[in-house]
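A.B. asks: Sending over a structure as structure tokens; questions will come in a sec.
What follows draws every value from the coordinates through simple rules; no lab data is involved. In this text the structure is predicted, and so the values were computed from the model without any measurement. Note that each Cβ is placed from the backbone with ideal geometry, even for glycine, and that neighbours are counted across all protein chains shown.
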Amino acid sequence: MFNTFSRMLRTGILTEPLPVVANVEPRTSNLEPSPSVDALHQRLWGVLGRALAIRHVDAGSCNGCELEIHALNNPYYNLEGAGIKFVASPRHADALLVTGPVSVNMEEALRRTYDATPGPKLVIALGDCAHCGGIFAGSSTPSYATRGPISAVIPVDYTIPGCPPTPTAILTGILEAVARRQRTTDN
């Protein structure tokens, strides 16, 4: 136990700094290059009144985006320290993080999840398949197995591109989506 503790003290903090996102910091100073965790917490509390609760929905993906979401949840990225958590029920969620093209069998489930999420809700399409339908998008006739992109089934507020996007890109996209929502509610 002592060896483990001493190794932790020698190593120090290994988490990655939070990405810089426009208008996430309070407007006290423009000199700081990246938001601190405290400033991000204050901004999230100002926007939502609590931590950001996200419900992830896999609408029919290949699981590449899910692997990156799992990587985002490890201690290196310190997601919970930033005030962002994943929840099991859409009734407790502030945002839906949807991956993959919408399969025929997930269309109704996605609509019900969207309807169960209390407003004002934020829908984030994660990955190229969620944005444009992926490999199913280019055909002239729709596939029998998919309904296409997320926006064909429910309204999408923000898209995080990539196949799959990196954990840093996902975190940056989530913060940018919250910042955009804040800018639209302020106007």
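A.B. asks: Distance from the Cα centre of the range 78-98 to that of the range 150-187, in angstrom?
C.D. replies: Spelled out, the Cα-based centre of one part sits 14 Å from the other.
A.B. asks: What does the highest-first list of 99-107, 118-126 look like by mean Cβ count within 10 Å? It would help to have the intermediate numbers written out before the result.
C.D. replies: Working: 99-107: 21.0, 118-126: 19.2.
By packing density, highest mean first, the sequence is 99-107, 118-126.
A.B. asks: For the range 44-127, what class follows from the C-alpha gyration tensor (a ≥ b ≥ c being the square roots of its eigenvalues): rounded when a/c is under 1.5, otherwise prolate if a/b is larger than b/c, else oblate?
C.D. replies: Details: a/c = 2.62, a/b = 1.21, b/c = 2.16.
It is oblate, given that a/c is not under 1.5 and a/b is not larger than b/c.
A.B. asks: For the range 101-183, which chymotrypsin sites (Phe, Trp or Tyr not before Pro) are both in a DSSP coil and crowded by at most 13 other Cβ atoms within 10 Å? Could the numbers behind the result be given before it?
C.D. replies: Values: sites: TYR114, PHE136, TYR144, TYR158; in loops: TYR144.
Within the range 101-183, the qualifying chymotrypsin sites (Phe, Trp or Tyr not before Pro) (loop, at most 13 other Cβ atoms within 10 Å) are TYR144.
A.B. asks: Once label points are set 7 Å from the Cα along Cα→Cβ at both ASN63 and ARG183, what is their separation, rounded to one decimal in nm?
C.D. replies: Placing both labels 7 Å beyond Cα along the Cβ direction yields 3.7 nm.
A.B. asks: What ranking, highest mean first, results for peptides 170-179, 65-74 when packing means the other Cβ atoms within 10 Å averaged over each residue?
C.D. replies: Working: 170-179: 21.8, 65-74: 17.0.
Output ranking for 170-179, 65-74: 170-179, 65-74.
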